[in-house]
Amino acid sequence: MGKRKRNQPEPAEAAALNPFAFCSTAIWVGLAIAIGVVPDQKIVRSKLLVLEAGIGLQCLVLAASWIHATAPRWRRSPLDMPMALYALGGLFFYVLSPERGASTLELVRILFAAAVFFAASRTLTGPALPRAWAGTAAAVGLYALLQTRGGIGVLMVPHLDRPIATFGNPIFLAAYLGASAVFSTGLAFTSKNKERGFFAACAFLCLIGLWTTKTRAALFGVGAAGALWAIIALPPKRRAAALGALAVCAGLGLWWFQDRSWTHGLIWRDTLSMWMANPIFGCGLGRFHLEFVEYASPALKALWPQQKVIVNFTHNEYLQILAETGIVGISLILTIIAAAGMWLIHVWRESRDGVRGAYAFAAAALLAQNIFSPDIRFGVSSFIVFAFLGAATSTEERPLPQFPGKLGLGVLISLFVILWGRLAVQPIIAQRKLAAAPEFHIAKDDESARLIRDLEARLEADPENADLAENLAFYHAKRKDWPEAIKMFEKTAALRPDRPGPFNNLGNISYSIGKREEAIQWWKKSLLVSNEQIDARLNLAKTLYELGRLKESGRYVQEVLERQPSNEKAQILLKKMIE
């Protein structure tokens, strides 16, 4: 072998000097920290927004690196084809949906999952992310423990019976900590002496934090990942001992949680009835919460009254996919799981790559958890599953395909990021626009009283003037003078029955004073006068949603979006229906 030329960097040094590789590693480390640190909240979902932005940037960096390189290379995965079919399936079911507005959020999540997998399988290598991920997860686990005590000493934190840390929900937190515990444990088993203690300590803190969440599905997921590892990796005697220990832990867990109510069986039974009505293609992507009410049994409604509780999820992600997208849809996700299982048995068992195994078994924990939970339906959990599957199954670098070539792939990735990003940010933009909208009601001050006296005097002089009557009713409504506002709107409606506004406003007032059924009738009458109204439909959608009549509500939301696709109130209402 010839001597290496002077000043030619070693391969590791060359990778370190590559600005694209450096940016990619920095993004992954940032995402590993952000998933634990950034606070989550309903509707806006800041944590998910940061993850989506990071993955979009990661895809663009990857595209730029290919375009810049003279001989571009990329990694592949045995899950590439199943994931591509999964994404295309999401688009297919979106097109097939009878109400696409209700399907948009789930389509965005599926495309996000595909983007996460693609980015991870092509770029996620090296020790930086495992260290950052485990350390951040350990800190989150410790914070969860502190929340159960309200802090320690001078360090005070919110006191919660079931901690949420920065995740806004104990179930979301448990999904993160469960996968992180398995991941850190796998790294502890395979790391060198210097890092073994660090990863073991991280795994311990994750498990402690997980236990405080009291989430049975996440504990099951961790146990299932352990059982899978024992079956695949251990010789027969040690395998039997490990499975026996896990069985004992499972028995203790069942005894510990025996006083917790469990209604999953009722939901599963009714969901199967729902699937049987549409066995091939299901009821529609992301439409479970709209359709399930018609199939909910009296026993379930007695436990969860329709007007108080909305059954948004089956608490079995695979059963929910079956109900929404039928046999075709469930086949797509099961194909991904089957391909990952085959890789684990035939490839990992031979190579025993410790880091790849840690990624794979952590993803398996979340996939198993979804038998009793809808976790991968949520963007953050979906990010974990598909990032870890991509990192686990990526192969060695190979030359980029000549077709469509580096430029073609770069353009396709850029277009995907733009289109998917536009869909993803719509609810956030809508929320901010609504928050900035001016307040409708006004104070009962001297100025508003003077305006009302002036209008009353003018109306007394011209009692058949519908415009004056409507203006007077409007100002009474702004001051919350409900009886006077009702009288004036009814007068306006009598003078001009061809105007939809008075009927719509009578509905608004009825809603404000707690008469929701009466409000619904006013709004429907308003639509009979003018069928193209946006406000009356939004009012109907919101009120029907509050009454638990989700299918009717969803229909009105869809009608709004057909007429005004960018309507902020309709977009926010769709988000509220599943949160």
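Rule-based calculations on the coordinates, nothing more; no lab input. Fair warning: this is a prediction, and the values are worked out from it, not measured in the lab. So basically every Cβ, Gly included, is an ideal-geometry build from the backbone, and we count neighbours across all protein chains shown.
Okay, helix-only estimate at 222 nm for the chain: each DSSP H run of n ≥ 4 adds -39500 (n - 2.57), divide by all residues, round to 500 deg cm²/dmol; what do you get?
Here the helix-only value at 222 nm equals -23500 deg cm²/dmol.
Using the number of other C-beta atoms within 10 angstrom as an exposure proxy, rank Glu517, Glu456, Glu317 with the fewest first.
Numbers: Glu517 9, Glu456 15, Glu317 23.
Sorted ascending by nearby Cβ count, the order is Glu517, Glu456, Glu317.
With an 8 Å Cα cut-off and a minimum separation of 6 or more residues, compute the relative contact order for segment 519-579 in percent.
27 percent
For segment 159-295, what relative contact order do you get, as a whole percent, if you take Cα pairs closer than 8 Å and at least 6 residues apart?
Values: 95 pairs, mean separation 24.0, N = 137.
Across segment 159-295, relative contact order equals 18 percent.
Of Cys202, Cys249, Cys23, Cys283, how do they rank once you tally other Cβ atoms within 10 Å and put the fewest first?
Listed from fewest to most nearby Cβ atoms, that is Cys249, Cys23, Cys283, Cys202.
Mind scanning Lys524/Lys575; Lys444/Lys480; Lys444/Lys524; Lys491/Lys525 and naming the pairs with a C-alpha gap bigger than 20 Å?
As for pairs spanning more than 20 Å Cα to Cα, those are Lys524/Lys575; Lys444/Lys524.
Would you calculate the convex hull of the Cα atoms in the chain and tell me its volume per residue in Å³?
216 Å³
Just check segment 246-344 against the gyration tensor rule for me: Cα atoms, a ≥ b ≥ c as the square roots of the eigenvalues, rounded for a/c under 1.5, and otherwise prolate or oblate depending on whether a/b exceeds b/c.
It is oblate, given that a/c is not under 1.5 and a/b is not larger than b/c.
Binning at 5 Å from 0, report for segment 440-499 what percent of all alpha-carbon pair distances ends up in each bin.
4, 22, 30, 25, 14, 5, 1
Need one word for segment 183-234: rounded, prolate or oblate. Basis is the Cα gyration tensor (sqrt eigenvalues a ≥ b ≥ c); a/c below 1.5 gives rounded, then a/b vs b/c decides.
Judged from the Cα gyration tensor, segment 183-234 comes out oblate (a/c at least 1.5, b/c at or above a/b).
I need the fraction of alpha carbon pairs in segment 84-164 separated by more than 15 Å, rounded to a whole percent.
Of the Cα pairs, 72 percent sit more than 15 Å apart.
Mean separation of Cα pairs under 8 Å and 6+ residues apart, divided by the residue count of segment 440-499: what relative contact order is that in percent?
34 percent.
What do you get for Rg/Rh over segment 519-579 if you use C-alpha atoms and the Kirkwood form of Rh?
Answer for segment 519-579: 0.94.
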